[in-house]
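The values are calculated or read from the model by the stated rules, or taken from the named source; none is laboratory data. These numbers were taken from a predicted model, which means no experiment stands behind them. Cβ placement follows ideal geometry from the backbone for every residue including glycine, while neighbour counts extend to all protein chains displayed.
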Amino acid sequence: MLRFLTAGESHGPELAAVVDGVPAGFEIDLAAINQDLARRQKGYGRGGRMLIENDEVRPVSGIRFGKSIGSPITFIIENRDFKNWTKRMSVNPADFEQSRVVTRPRPGHADLAGVLKYNLDDIRDVLERASARETTARVAIGGLAKQLLKPFGISVLGYVVSIGANEAKTPADTSLEELARITEASRVRVADADAERKIITEIDACKETGDTLGGIVEVVAAGLPVGLGSHVQWDRKLDARLAHALMSLQATKGVEFGIGFTAGRVRGSALHDEIGYDSKERRFTRHSNNSGGTEGGMTTGEPLRLRVAFKPLSTLMQPLRSVDAKTKQEAVGTIERSDVCAIPAAAVIAEAVVAFVLADAFLEKFGGDSLTEIERNWRGYLEQVRGY
């Protein structure tokens, strides 16, 4: 089983990621992982924190001479902003007077539920870990996962399809490589120049009024073999595992596969992906991909396509009504440094999460202790499917 843990607070000294179950023999490109971290920091509407940080992984275990060795891989990512928070985030009880206790919970954040659940006096004890800064570690993990998929021709891409009420058109029949080139060149990670202009205008308007914007991102994975996941138990269904992982991201409010909720409003004859056969390639095909590349909890061999809806950020510069948790008097939510819109970053984060779940499912199906063993299992299975 491929599994991970992350640790660290938003303004603590470091973030940590430990990934267990990585087989030996995979080339680990740290520059590629750092490039994904840089992608996460970009996007119109990001706040001042991104001007401070320069996220890079420092590997401390599991990699030797550029290759995985089969033991847990650990990455450390420095929080450069910690130098401004050394007293407020200190582990030393003597520094408590410098803590600046937070008592006004923000609507939409983990603040109030967290302090009630853990019986804490300072909301900062909750908000630091609940912060989306944690996704920095997840992007590093996803960057590693993409390198486990790369030798098998599997690629994953996340991009934006809407921000606020502004929908972006995605060119049909565009290769994933070309789509990556187009969306990475966009300041809001869309493939539609007209939509980009409207989105930037709305982000500017929200900044002026102290408001925030959410949006929807799409993730596509190409090159997947048929049969990842399983129909036999609820927790082995691939789409369930993907939805679980994506819903764990901060601010996620919905996940859909293929045409998603539209499937509940059309007839079966208009929905289900009819089956064909390519005798030259010796493989079954589909005439459409309304299912988003999964059926019965398993991949169909078509591209995986899903969408994730993220709510607007809960830190508003014109804060909403709240109650002081200590005095119980009416107040407004506390203001933390934040973004106006983080949806371009959310596309990179969702991409990373999908890559990890796919890598886990891939190793489950073709598992071995080394790349050589996995390649042998993978080739044998593809020949079995072609010979069916």
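Rundown of residues vs (1) in contact with a strand residue (DSSP E or B) (Cβ under 9 Å, 6 or more places away or on another chain); (2) buried (at least 21 other Cβ atoms within 10 Å of the Cβ); (3) in contact (Cβ under 8 Å) with a residue 40 or more places away in the chain, yes/no style:
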{"site": "G142", "(1), (2), (3)": "yes, yes, yes"}
{"site": "G153", "(1), (2), (3)": "yes, no, yes"}
{"site": "Y159", "(1), (2), (3)": "yes, yes, yes"}
{"site": "E184", "(1), (2), (3)": "yes, no, yes"}
{"site": "R187", "(1), (2), (3)": "no, no, yes"}
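For (1) more than 25 Å from V188 (Cβ to Cβ); (2) in contact with a His (Cβ under 9 Å, 6 or more places away or on another chain); (3) modelled with pLDDT of 95 or more, each residue gets a yes or a no:
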position: T299; (1), (2), (3): yes, no, yes
position: L306; (1), (2), (3): no, no, yes
position: S314; (1), (2), (3): no, yes, no
position: D324; (1), (2), (3): yes, no, yes
position: A342; (1), (2), (3): no, no, yes
position: A347; (1), (2), (3): no, no, yes
position: V353; (1), (2), (3): no, no, yes
position: A361; (1), (2), (3): yes, no, yes
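Residues in region 120-129 that are part of a loop (DSSP other than H, G, I, E, B) and in contact with a helix residue (DSSP H, G or I) (Cβ under 7 Å, 6 or more places away or on another chain): L120, I123.
With respect to the conditions (1) crowded, with 16+ Cβ neighbours inside 10 Å; (2) in contact (Cβ under 8 Å) with a residue 24 or more places away in the chain, G114 lacks only one, and its number is (2). Selection of region 1-14 for residues being under 28 Å from P151 (Cβ atoms) and buried (at least 18 other Cβ atoms within 10 Å of the Cβ) yields L2, F4, T6. Scanning region 322-338 for residues that are polar (S, T, N, Q) and within 16 Å of D125 (Cα to Cα) turns up just one, T334. From the list I73, I63, I77, the one residue that fits, being closer than 27 Å to V18 by Cα, touching a Pro at 6+ places or on another chain (Cβ under 9 Å) and at pLDDT 95 or above, is I73.
Applying a threshold of 8 Å to beta carbon distances and a minimum spacing of six or more residues, or different chains, the list of pairs starting in region 16-39 at a residue that is closer than 26 Å to G368 by Cα and ending at one that is among the hydroxyl-bearing types (S, T, Y) and not in a strand (DSSP E or B) reads G25/T372. Taken together, the residues in region 52-82 that are closer than 22 Å to S131 by Cα and within 21 Å of the chain's Cα centre (by Cα) amount to 12. Report whether or not A355 is over 13 Å from L148 (Cβ atoms) and part of a helix (DSSP H, G or I). Answer is no for this residue. Kindly indicate whether R241 is farther than 27 Å from A347 by Cα and touching a helix residue (DSSP H, G or I) at 6+ places or on another chain (Cβ under 8 Å). No.
Considering region 189-201, and only residues there that are part of a helix (DSSP H, G or I) and touching a residue at least 40 places away in the same chain (Cβ under 8 Å), the residue that is nearest to Y159 (Cα to Cα) turns out to be I199.
Just one of the listed residues (G264, G214, G268, G210) is small (G, A, S) and in contact with a strand residue (DSSP E or B) (Cβ under 9 Å, 6 or more places away or on another chain), and it is G214. Here E336 meets the list (1) part of a strand (DSSP E or B); (2) within 30 Å of I203 (Cα to Cα) almost entirely, failing just condition (1).
The sole residue among L313, L363 that is touching a residue at least 40 places away in the same chain (Cβ under 8 Å), in a helix (DSSP H, G or I) and on the phi < 0 side of the Ramachandran plot is L363.
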